[in-house]
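Read the figures in this text as sums done on the coordinates, not as results from a lab. Quick caveat: nothing in here was measured; it's all calculated off a predicted structure. When we count neighbours, we look across all protein chains shown, and the Cβ atoms used for this are built from the backbone with ideal geometry, even at glycine.
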Amino acid sequence: MNTLEEALQEYLALRREMGFKLSEPARLLPHFVAFMAEHQAPHITTRFALEWAQQSTTAQPAERARRLLYVRGFARYRRATDALTEIPAPGLLPYRSSRARPYLYTEHEVQQLLSAALQLPTAWPSTPLRPLVFHCLLGLLSVTGLRISEALDLKLDDVDLEQGVLTIRAAKFGRSRLVPIHPSTGTVLTHYLQRRSAFLGLRSSSYLFISNRGTRLDVGRVHRAFYSLSRHVGLRAPGASRGPRLHDFRHRFAVRTLTRWYAAGEDPTRQLPILSTYLGHVCVTGTYWYLHDSPELMMQAMARLERRWGEPS
């Protein structure tokens, strides 16, 4: 039987082959294995798992629950080769995470953000390309529902303007997919690419959205610019730590898509797997989260139900 350290490397390799990135488990689980070695414990037990997960006095309940969750997954794998392994039972460190309530941007608010992006300063240390970068990026997020990481990872070879298709590579869980875009979106991208080429001159960059230096646009810089734009148009109060997020463009896209299906008389239940695939969700249940808490959708659903009740049997 191999050691815990060897088993951990095999476990992480297997999970990565299945498409999981495992950045946080890969960072934390070696500490758990070292903890076991310090206690000269060759077998994973519930007692040691709980002790390790709770050893930090400053860790929040959510962090402790995550640490135990990572050990539980590793223990399930280890149990196949070590019958003495104990798998910590679910609920030992109960913690119910709360997701941020989505904000559904109106069309007017989206247009305000896009207009404000075009007014971003261009003087040094900024560049004349910066307003177009953020105008195009925010616009693309709003009309495609891409994750911000997917948009920033786009390379020139991933953008086929003739066919009107974006190729999203190695997205969440390592999956890739094709995302069709509207001709009007293609027109905006064409204009941006022309200005991007002029800005770079003899330099080259493979990424679609670039920084002042021509490198891949940093997500932290994007968030800071977005918060500034949000405050400028009144979506965030000055100094507010909470407010509409970039990820809410994804919620808006999902809700607007389903609303159009309702308005066209199509069956949302049959269409939902299409939306799930477009958004890059592994299963359709992941898409339901994006569709809750929308008054417009509730009204559409109620109207559909009332029409159904009114039909003669």
Taking a ≥ b ≥ c as the square roots of the Cα gyration tensor eigenvalues, with a/c under 1.5 meaning rounded and otherwise prolate when a/b beats b/c or oblate if not, the range 161-212 comes out oblate
Quick note, the range 93-150: a/c under 1.5 would make it rounded; otherwise a/b > b/c is prolate and the rest oblate (a ≥ b ≥ c, C-alpha gyration tensor); here it is prolate
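Order of Ile274, Ile148 from fewest to most other C-beta atoms within 10 Å?
Numbers: Ile274 13, Ile148 19.
With the sparsest Cβ surroundings first, the list reads Ile274, Ile148.
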If the chain between Ser115 and Thr58 were fully extended at 0.36 nm per residue, the gain over the current Cα-Cα distance would be 16.2 nm
Cα extents of the range 78-224 per principal axis, largest first, Å, are 65, 33, 33
Output ordering of 212-222, 129-139 (per-residue mean of other Cβ within 10 Å, highest first) is 129-139, 212-222
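With +1 on each Lys and Arg Cβ and -1 on each Asp and Glu Cβ, and nothing else charged, work out how big the dipole of the chain is about its Cα centre, in Debye to the nearest 20. Please report the intermediate quantities before stating the final value.
Values: 41 positive and 26 negative charges, 115 e Å.
Roughly 560 debye for the chain.
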So Arg213 and Leu156, fully extended at 0.36 nm per residue minus their Cα-Cα distance, gain in nm 18.8 nm
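Can you tell me the FRET efficiency between Val165 and Gln40 if r is taken as the Cβ-Cβ distance and R0 is 51 Å, rounded to the nearest 0.05?
Working: r = 57 Å, r/R0 = 1.12.
It comes to 0.35.
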Subtracting the Cα-Cα distance of His232 and Tyr95 from 0.36 nm times their residue separation yields 45.6 nm
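Which FRET efficiency value, to the nearest 0.05, is calculated for Arg79 and Glu17 with the Förster distance at 22 angstrom and r the Cβ-Cβ distance?
Details: r = 20 Å, r/R0 = 0.89.
FRET efficiency, Arg79 to Glu17: 0.65.
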The FRET efficiency for Ser197 and Arg175, from their Cβ-Cβ distance with R0 = 30 Å and rounded to 0.05, is 0.45
With no solvent term and unit scatterers on the alpha-carbon positions of the range 1-111, Debye gives log₁₀ I(q)/I(0) at q = 0.16 Å⁻¹ of -0.74
Checked against the positive end of the charge dipole of the chain (+1 on Cβ of Lys and Arg, -1 on Cβ of Asp and Glu, about the Cα centre), the farthest of Val159, Leu22, Val222 is Val222
Rg/Rh over Cα atoms for the chain, Kirkwood Rh, comes to 1.04
